[in-house]
1. With respect to the numbered conditions (1) within 28 Å of GLU198 (Cα to Cα); (2) open to solvent by 30 Å² or more (accessible area, probe 1.4 Å); (3) in contact with a helix residue (DSSP H, G or I) (Cβ under 9 Å, 6 or more places away or on another chain), which one is the sole condition not fulfilled by MET244?
2. So in region 272-330, with the set limited to residues that are of a type in the set (Gly, Ala, Ser) and assigned to a strand (DSSP E or B), which one is surrounded by the fewest Cβ atoms within 10 Å (Cβ to Cβ)?
3. So which residues in region 221-246 are of a type in the set (A, V, I, L, M), closer than 15 Å to LEU47 by Cβ and either assigned to a loop (DSSP other than H, G, I, E, B) or within 16 Å of the ligand (Cβ to nearest atom) (or both), if there are any at all?
4. Quick one: which residue in LEU226, LEU166 is open to solvent by less than 10 Å² (accessible area, probe 1.4 Å) and at pLDDT below 95?
5. Pairs, please: C-beta under 6 Å, at least 6 apart or cross-chain, first residue within 27 Å of THR67 (Cβ to Cβ) and in the same structural domain as ALA169 (by TED's automatic domain parsing) and in region 198-216, second in a loop (DSSP other than H, G, I, E, B) and within 16 Å of the ligand (Cβ to nearest atom)?
6. It is to be established whether one or more residues within region 89-106 are within 12 Å of the ligand (Cβ to nearest atom), under 28 Å from GLY238 (Cβ atoms) and touching a residue at least 60 places away in the same chain (Cβ under 8 Å).
7. What number of residues within region 47-86 satisfy the criterion of being small (Gly, Ala, Ser) and within 13 Å of the ligand (Cβ to nearest atom)?
8. Please go through region 139-161 and give me each residue that is open to solvent by 40 Å² or more (accessible area, probe 1.4 Å), touching a helix residue (DSSP H, G or I) at 6+ places or on another chain (Cβ under 6 Å) and not basic (Lys, Arg), ordered by number.
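The values are calculated or read from the model by the stated rules, or taken from the named source; none is laboratory data. This structure is a prediction, so every number in the text was calculated from the model and none was measured. Here Cβ is always computed from backbone atoms with ideal geometry, including for glycine, and neighbour counts include all displayed protein chains. The area values use the complete protein model at the heavy-atom level, side chains included, leaving out ligands, DNA and RNA. Shrake-Rupley method; radii C 1.70, N 1.55, O 1.52, S 1.80 Å.
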Amino acid sequence: MADSRQQPHSSQPTHAGHRPDAVEYAIEANRLTRKFGPLTAVDQVSLQVPSASIYGFLGPNGCGKTTMIRMLCGLLSPTAGDAKILGIAVPEHAEQLRTRTGYMTQKFSLYEDLSSEENLKFIGRIYSLSGKALIRRVDELVETYELSTLRNRRPDAMSGGQRQRLALACATLHKPDLLFLDEPTSSVDPENRRKFWEKLFDLCDQGTTILVSTHFMDEAERCHRLAILEAGQLRTEGDPQTLMNNLQSHVVELTGSRLRDLKTPIQRLPHVKSVAQQGARLRVLVDIGIEHPQAYLAQQLPPPAPGDDFQATLVRPNLEDVFVTVTHSERQ
Ligand SMILES: Nc1ncnc2c1ncn2[C@@H]1O[C@H](COP(=O)(O)OP(=O)(O)OP(=O)(O)O)[C@@H](O)[C@H]1O
């Protein structure tokens, strides 16, 4: 039976934060906690985000991603714990970070009654740009984010991808050292998401640190490092390849002609953590303590009928497998 696990490849940033005043970690959070009445939305989360890297928050709805970002931005006070952003304590000294950070929310904070160009100029003036410097910067952003044909268009007449490009242009107008992106691609198709990520890597190469929250696995896999959150708690943290290599489950793919009948019995097996149908295959997560997972599954199931081409293959874990294993979400 085949084992298609591949060798890890490096997912470290190729640049080392070449801004002169760069700190080693753009974000340092120490047991950060936020309660809303009886609810603990963020529960003692500690993490370090290396400068000039892209760091992801991955987690289901309501797991605390936005609350965490708002505390790191200095917009929300923690109930307990502390954080330093670019070496500066928040929320105490958040004002010092105003011109050094950018924030793009999932709702794209654009002014709907202003055109693209007017949005950019308005934001530019907030950051004290004026005259030729403002015009130059707006032209630069229009070029970078492919907005030249949209200069006079208002956001409400733009597609999701176009609005997102404009929102990113606005969020980066003042060349922030650190950019917070809260589910920035939730209304964007895969092609535009891919292009958006190219822009993020360009920014990162220029020394910008990016913290991005997402529930898309393919996006999470692009990050240099990743935190998986659930119910306000940090379940695991690391670079995606290492997380996949260190997965505490075997991943077995089953093919054959009676997969739908097998799904329920497999789900009931004591050492099976999850079963998901993917097209003509069942993807099964088996406890890492089981030495021969394919044999384990074959032994527990009814014998194949004559002519059944049942096969069990050990495959390389993906990030969704990591997510399912470290959280309590059951993949069906
Ligand atoms: N101001 C608030 N008052 C009360 N509860 C809040 C407040 N803000 C967030 N919460 C609660 O805290 C929990 C975490 O919410 P949060 O928005 O941080 O999650 P999230 O991971 O960003 O979710 P999503 O992916 O849906 O955006 C949720 O249960 C939410 O209802």
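1. The one condition MET244 does not meet is (2).
2. Within region 272-330, the first condition is being of a type in the set (Gly, Ala, Ser), and the residues that meet it are 274, 276, 279-280, 289, 295, 298, 305, 307, 312, 329.
Retained after the next criterion (residues that are assigned to a strand (DSSP E or B)): 274, 276, 312.
Numbers: SER274: 20, ALA276: 16, ALA312: 21.
Restricting to residues being of a type in the set (Gly, Ala, Ser) and assigned to a strand (DSSP E or B), the top hit is ALA276.
3. Within region 221-246, the first condition is being of a type in the set (A, V, I, L, M), and the residues that meet it are 226-229, 231, 234, 243-244.
Remaining after also requiring closer than 15 Å to LEU47 by Cβ: 226-229, 234, 243.
Those that are of a type in the set (A, V, I, L, M), closer than 15 Å to LEU47 by Cβ and either assigned to a loop (DSSP other than H, G, I, E, B) or within 16 Å of the ligand (Cβ to nearest atom) (or both): LEU226, ALA227, ILE228, LEU229, LEU234.
4. On the way: LEU226 fails: at pLDDT below 95.
None of the others qualify; the one that does is LEU166.
5. SER213/GLU183
6. If we filter region 89-106 for residues that are within 12 Å of the ligand (Cβ to nearest atom), which is where we start, we get 105-106.
Add one more test, that the residue is under 28 Å from GLY238 (Cβ atoms), and what stays is 105-106.
When the remaining residues are screened for being touching a residue at least 60 places away in the same chain (Cβ under 8 Å), the result is 105-106.
Yes, that holds for at least one residue.
7. Here is the first cut: in region 47-86, the ones small (Gly, Ala, Ser) are 51-53, 56, 59, 62, 64, 74, 77, 80-81, 83.
When the remaining residues are screened for being within 13 Å of the ligand (Cβ to nearest atom), the result is 56, 59, 62, 64, 77.
Looking only at that region, the number is 5.
8. SER148, the sole residue that qualifies.
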